[in-house]
Amino acid sequence: MDDIAALSEFEDYTQQTNKVKVLVERLPESEGLPLPQYATPGSAGMDLYAATDKDITLAPGERALVPTGLKIAVPEGYEAQIRPRSGLALRNGITLVNTPG
């Protein structure tokens, strides 16, 4: 593919505005928490909150399952990922199992 054709194909792709509907069900333990949302314009991912009424402290090497209080239905052909906030692993040594990178 020559550069002109590649550029044209890229422009066509970037002009698409397909929106995906993701159904979210709030469980009782998430009442009062914000729904997932983009914190700033241009954010790649949404912020997700822990649905717990107490702090969680992990000992070195300890793992914990942290509830979100949400059920989501992602359409076929799409996926949802939970990733750590930037710097969390560096500053606190905390990461998520199966996180890319």
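Values quoted throughout were computed directly from the atomic coordinates according to the rules given, and no laboratory measurement underlies them. Just so we're clear, the structure is a prediction, and the values are computed from it rather than from any experiment. Using ideal geometry, Cβ is built from the backbone for each residue, glycine included, and neighbour counts are taken over all protein chains shown.
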Please list, by residue number, every one of the trypsin sites (Lys or Arg not before Pro) in region 53-100 that is coil in DSSP and has at most 13 other beta-carbon atoms within 10 Å. LYS54, ARG63, ARG85
Between ARG63 and SER43, what length comes free when the chain is fully extended (0.36 nm per residue of separation minus the Cα-Cα distance, one decimal in nm)? 4.4 nm
Once phi for every residue in region 40-51 is put through the Karplus expression 6.51 cos²θ - 1.76 cosθ + 1.60 (θ = phi - 60°), the whole-Hz ³J(HN,Hα) values, with Gly and Pro written as x, are 9, x, x, 4, 7, x, 8, 7, 10, 10, 7, 9
Per DSSP, loop chymotrypsin sites (Phe, Trp or Tyr not before Pro) in region 24-95 with at most 11 further Cβ within 10 Å: TYR38, TYR78
Residues whose modelled amide H sits under 5 Å from the amide H of LEU70, counting only those 5 or more places away in sequence or on another chain, are LEU27
